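K.L.:
The structure that follows is given in the form of structure tokens.
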Amino acid sequence: MRVIGVGSPFGADRIGWDVVAELSRWDELPAGMILSCCARPDRELIESLAEPGLLILIDAMHSGRSSGTVCCFTAAEVISGEDLISTHSFGIKSALRLAEALGSLKAEVWICGIEIVLETAWRGGDHYTAPVPRDSLNCLGIIKEIKKILMDFMREHGYPEGPGLVSSQ
Amino acid sequence: MAEERDIRINVPVLARVEGEGSLHLRIQGGRIAELGLRIFEPPRLFEKFLVGRDCREVPDMVARICGICPVAYQMSAVHAIESILEIDPGPWVRAMRRLLYCGEWIESHSLHIHLLAAPDFLGFGSAPEMAKVHPAEVRRGLRLQAAGNEIIRVLGGRSVHPVGVCIGGFHHAPAPEAMRELLARLRGVLPDAEELVDWCARLGAGGAQRRLTCLALRHPAEYPMNEGRLTTGDGLDFGSSEFDRHIEEFQVPHSTALHALLHGEPYLVGPLARLNLNRDHLPVAVRQVMDSAGVRLPSHDMFHSMSARAVEILYALHEAIRLLETYEPAQRSAAEYRPRAGIGYSATEAPRGVLWHRYEIDADGRIVDARIVPPTSQNQACIEADLRASLEDQGLERPESELRALAEKVIRNYDPCISCATHFLDLTVDRL
């Protein structure tokens, strides 16, 4: 199972990267879980979508929910829904739509969005606040919740649960 | 006669973190009464971050300014600082820096052509919409972009915000096997690049015709990337240390970013300016593809920037292949040096155009002062002039939706940092 943190170094937009960094320190990181990060929904993400298998994307989300809320969506829900996921102008939705249009959406994709607070929420664009402190990811229970979600995915898909590998870009 | 309308168009533009911008347009009595492109450039903050840091940290720090053209920031920085430290990195480093820059031109131009600008030229609302009708072309763009990214990854350690560059050279020399694999990969996408020149020649034309003052580096023997003097088409020629004598940066009321004028006039930097001024340095193989596609130079049609980018992708591939064919790892990948106080300057050719850096360092090698003038900032006045001419040429009586679409196309065609947002114009119209 591949887990990719999507983001950029700027403000709260890096929360996907920080979550993956926290997961990489997980003592019980399962063997079948491969962690990595990508810079925004870029070409490398589109290539990842073309690889069969379970793929979990972790990204900042702005949807009006309470800050710190974690929600999971299928690729179909993101493609057909409003652009609630991701603060990126060329967001995960665009990457999924592009992969779908190219016939290269081969992965079983789930998007794990973490609600962040935007200083200003402009329609169709992005504006970031200060980074979410790493400590607060654990204090708010975000990491714990994401670990539970990931373990549920692994069990449902029959992945092994021993010590794992960590890779990152 | 079309009915005269008073229209106020405010475009509170959202952009990606490389830059934020907006467009304000007011049409009154059939004429453009107000037009202002606002761009907010983050590099100003970086200039202050750099003060007090060891100059060895600068290449990694400035790489963070832009996710698409980090190499350009690294190159301008190391050349400026090395001029202070009196470092001569030697021919191996010089060649590898040129190779690295080829990678950035290829990935940046491919991204812009296929995912950002082409939908405007083909009448699609987005890249995914275009991909449904033109999947082969989009795949071609992704292949080319990947090839450029791979060059950066091999030399820079990773393709985004690379970390392989240091003052004096590179942290390590890639293994010959890695370079052979890279060479094979680049040869494999050459047909894509040749096809792209032809495709863009058929796409990009019909922009407002006006005299463009082009500014680009000019090197006596090669197409410019890291070295050369700044030149214009009408004979102006100056070194990077004289930048301030010719180019004035100033504040405008409608933007927090500085504008720049060359002797009081807007000027163009970027691929079309480079190509207009340096086409004689293109190798025969590239010129033949250009001629066959019908690319004629010099051009003062800004929409020919698409063709210029395609030609530069092809050139960069040929140049990268040439450099890789004779590659041998260096025994020492970086020159040694000692800290020394002084002031240094450098201009290099970022994908979007001239990127100028100035640094002052103290005797311990710490940054005392830094100035960075990015290409997007330099092009702002030119974009505004182009917008005004394009909108007036096409007719201000057209519906607001068409004016907006044209404005977006004109702005995105420059590949400004704000184009990182593929669709950034969020339009509201107030009729006066």
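The values are calculated or read from the model by the stated rules, or taken from the named source; none is laboratory data. Not measured: the values here are computed from a predicted model. Every residue, glycine among them, receives a Cβ derived from its backbone with ideal geometry; neighbour counts consider all protein chains shown. For accessibility, only protein heavy atoms count, side chains too; no ligands or nucleic acids. Shrake-Rupley method; radii C 1.70, N 1.55, O 1.52, S 1.80 Å.
K.L.:
State whether the residues of segment A:20-31 include one that is at pLDDT below 90 and under 28 Å from B:M130 (Cβ atoms).
P.N.:
No; the residues of segment A:20-31 include none that is at pLDDT below 90 and under 28 Å from B:M130 (Cβ atoms).
K.L.:
Next question, about the same structure. Tell me which of these B:D386 doesn't satisfy, since it passes every other one: (1) in a strand (DSSP E or B); (2) under 19 Å from the mean Cα position of the chain (by Cα).
P.N.:
The failed condition is (1).
K.L.:
Can you tell which of A:R14, A:R43 is charged (D, E, K, R), over 13 Å from A:I143 (Cβ atoms) and open to solvent by less than 30 Å² (accessible area, probe 1.4 Å)?
P.N.:
A:R43
K.L.:
Out of everything in segment B:145-184 that is among the β-branched types (V, I, T) and at pLDDT 95 or above, what residue ends up being nearest to B:G365 (Cα to Cα)?
P.N.:
B:I167
K.L.:
Have a look at B:G103, B:G21 and point out the one that is modelled with pLDDT of 95 or more, within 14 Å of another protein chain (Cβ to nearest Cβ) and over 17 Å from B:D369 (Cα atoms).
P.N.:
It is B:G103.
K.L.:
May I pose another question? Identify, by number, the condition in (1) away from every other protein chain (no Cβ under 12 Å); (2) buried (at least 16 other Cβ atoms within 10 Å of the Cβ); (3) within 30 Å of B:H172 (Cα to Cα) that B:A63 doesn't meet.
P.N.:
(1)
K.L.:
Return the only residue of B:A201, B:A178 being closer than 23 Å to B:R322 by Cα, in a helix (DSSP H, G or I) and touching a residue at least 12 places away in the same chain (Cβ under 8 Å).
P.N.:
B:A178
K.L.:
Next question, about the same structure. Identify the single condition in (1) in contact (Cβ under 8 Å) with a residue 40 or more places away in the chain; (2) open to solvent by 40 Å² or more (accessible area, probe 1.4 Å) that B:G156 does not satisfy, given that it satisfies every other one.
P.N.:
Looking at each condition in turn, B:G156 falls short on (2).
K.L.:
Are there any pairs with C-beta distances below 8 angstrom linking a residue in segment A:98-113 that is part of a loop (DSSP other than H, G, I, E, B) to a residue that is surrounded by fewer than 20 Cβ atoms within 10 Å (Cβ to Cβ), with the two at least 6 apart or on different chains, and if so which?
P.N.:
Between residues of segment A:98-113 that are part of a loop (DSSP other than H, G, I, E, B) and residues that are surrounded by fewer than 20 Cβ atoms within 10 Å (Cβ to Cβ), the close pairs are A:L102/B:P135; A:L102/B:R139; A:G103/B:P135; A:S104/A:A50; A:L105/A:A50; A:K106/A:A50; A:K106/A:E51; A:K106/A:P52.
Let's see how each residue does on (1) in contact (Cβ under 8 Å) with a residue 40 or more places away in the chain; (2) more than 14 Å from A:I146 (Cβ to Cβ); (3) open to solvent by 10 Å² or more (accessible area, probe 1.4 Å):
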site	(1), (2), (3)
A:E22	yes, no, yes
A:P30	yes, no, no
A:I34	yes, yes, yes
A:E47	no, yes, yes
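K.L.:
Filter segment B:225-244 for residues that are out of contact with any His (no Cβ under 7 Å at 6 or more places or on another chain) and either buried (at least 20 other Cβ atoms within 10 Å of the Cβ) or among the polar types (S, T, N, Q) (or both) and give the result.
P.N.:
B:M225, B:L230, B:T231, B:T232, B:S240, B:S241, B:F243
K.L.:
Mind checking which pairs have a first residue in segment B:113-135 that is of a type in the set (G, A, S) and a second that is outside any helix (DSSP H, G or I), Cβ under 6 Å, 6 or more apart or different chains?
P.N.:
From segment B:113-135, the pairs are B:A131/A:L102.
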